[in-house]
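Note sheet for the following structure.
The values are calculated or read from the model by the stated rules, or taken from the named source; none is laboratory data. Note that the structure is predicted; figures quoted are calculated from it, not measured. Every residue, glycine as well, gets a Cβ built from its backbone with ideal geometry; the counts of neighbours run over all protein chains shown. Note: areas computed on protein heavy atoms with side chains; ligands, DNA, RNA excluded. Shrake-Rupley method; radii C 1.70, N 1.55, O 1.52, S 1.80 Å.
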Amino acid sequence: MQDQPRPIRYAIDARVFERFPGYLRAVVLARDVTNTPSPAALVELLRAAEEGARRSLAGQDLSAHPLIYAWREAYRALGVKPSEFRPSMEAMLRRVLNGHDLPAINALVDIGNIVSLRHLLPVGGHALDRLEGDVALRPAHGGESYTPFANPGDPQPPAEQPAAGEFIFAEGDTVLTRRWTWRQSARTMTTLETAFVGYNVDILPPATRAGGEQACGEISELVTRFCGGRLSTRWLTPENPVIHLSD
């Protein structure tokens, strides 16, 4: 009898929780999904989420919004200039508020963007079926490697190394997301071939677990509607900082 593969361990380093009390991460796991180009009904939901954000945030200083301000201050505390490296949620919102529609990429990616716009929470989707080793959100030691996305037709940008202490989501020494919630790598890019995806939903006060649970419920509903699959949600907390992706 062949040995079963060891389950992949997914952890958050205790230093993350110690540095930012109240921080939580939910992971929506979607197995056996069928990803497709976004159908018209899903693109309509994306456009509706954009218009909702424009209406609710019209005339506001985005950097002063409590949910955005919390992330900007967290970045500053980690030595990152938020005006130079904007948290992904803020960068997306600024594009939308400047009147630009987000591109429809594929169903799984667009679902994450819809829920992020609705709830002003960072939502990052990773193709978990591409993983080969354990993953963790942790401070970098400085020797890891990050491969940026390349735009279609452009040459591949050179690999980068995060600075020691930078918060990274990593598979061993391969960085999957730099600067906590800034930018994902090509390693776990969600494509039409993705059949197992995990959505990281980050909760930083004043965001609440209740709000995160609502966002996770909407992700599960939309994935089920448009991609099928088997959905579950797991929480990573100071009391429960480790999950296993085979659970």
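Just for the chain, what percent of DSSP beta bridges are antiparallel, to the closest 5? Can you show the working numbers first?
On the way: 34 of 39 bridges.
Taking every DSSP beta bridge with both residues in the chain, the antiparallel ones total about 85 percent.
Would you please state the base-10 log of I(q)/I(0) at q = 0.09, 0.16, 0.17 1/Å for the chain, with intensities from the Debye formula using one equal scatterer on every alpha carbon? Log-scaled intensity ratios, in q order: -0.37, -1.28, -1.47.
By its C-alpha gyration tensor, with a ≥ b ≥ c as the square roots of the eigenvalues, how is the range 7-48 shaped: rounded for a/c under 1.5, else prolate for a/b larger than b/c, else oblate?
Oblate, since a/c reaches 1.5 and b/c is not below a/b.
Give the relative contact order (percent, whole number) for the chain; include only Cα pairs under 8 Å separated by 6+ residues.
Values: 469 pairs, mean separation 91.9, N = 247.
Averaging sequence separation for qualifying contacts and normalising by length gives 37 percent for the chain.
How high is the relative contact order of the range 1-147? Use alpha-carbon pairs under 8 Å, at least six apart in sequence, and give a whole percent. Don't skip to the answer; put the middle values down first.
Numbers: 108 pairs, mean separation 61.1, N = 147.
Relative contact order, the range 1-147: 42 percent.
For chymotrypsin sites (Phe, Trp or Tyr not before Pro), the sites in the range 144-247 that DSSP calls loop and that have at most 15 other Cβ atoms within 10 Å are Phe149. Simple point charges give the picture: +1 on the Cβ of Lys and Arg, -1 on the Cβ of Asp and Glu, and for the range 71-172 a dipole about the Cα centre of about 480 debye. From the square roots a ≥ b ≥ c of the eigenvalues of the alpha-carbon gyration tensor of the range 142-213, which class results: rounded (a/c under 1.5), prolate (a/b over b/c), or oblate? Oblate, because a/c is 1.5 or more while a/b does not exceed b/c.
Note on Tyr69 and Thr224: their simple-model spin labels are 3.7 nm apart, each label 7 Å out from Cα toward Cβ.
Starting from the Cα gyration tensor of the range 1-141, take the square roots of the eigenvalues, sort them a ≥ b ≥ c, and report rounded, prolate or oblate (rounded when a/c is under 1.5, otherwise prolate if a/b is larger than b/c, else oblate). Since a/c reaches 1.5 but b/c is at least a/b, the shape of the range 1-141 is classed as oblate. Between Glu132 and Gln156, residue separation times 0.36 nm minus the direct Cα-Cα distance comes to 6.4 nm. Computed FRET efficiency, Cβ-Cβ of Thr237 and Gln214, R0 22 Å: what is it to the nearest 0.05? Working from the Cβ atoms, E equals 0.80.
Note on the range 1-127: with charges restricted to the Cβ of Lys and Arg (+1) and Asp and Glu (-1), its dipole about the Cα centre is near 300 debye. Each Lys and Arg Cβ is given +1 and each Asp and Glu Cβ -1; about its Cα centre, the chain then shows a dipole of about 460 debye.
Give me the percent of the accessible area of the range 1-137 that comes from carbon and sulfur atoms, probe 1.4 Å, all protein chains in place. Whole-percent figure for carbon plus sulfur exposure: 50. The residues of the range 27-130 expose, per residue, 42 Å² of accessible area to a 1.4 Å probe.
Name the residue farthest towards the positive end of the dipole of the chain from the options Pro158, Val123, Phe226, assuming +1 on Cβ of Lys and Arg, -1 on Cβ of Asp and Glu, about the Cα centre. So the residue we want is Val123.
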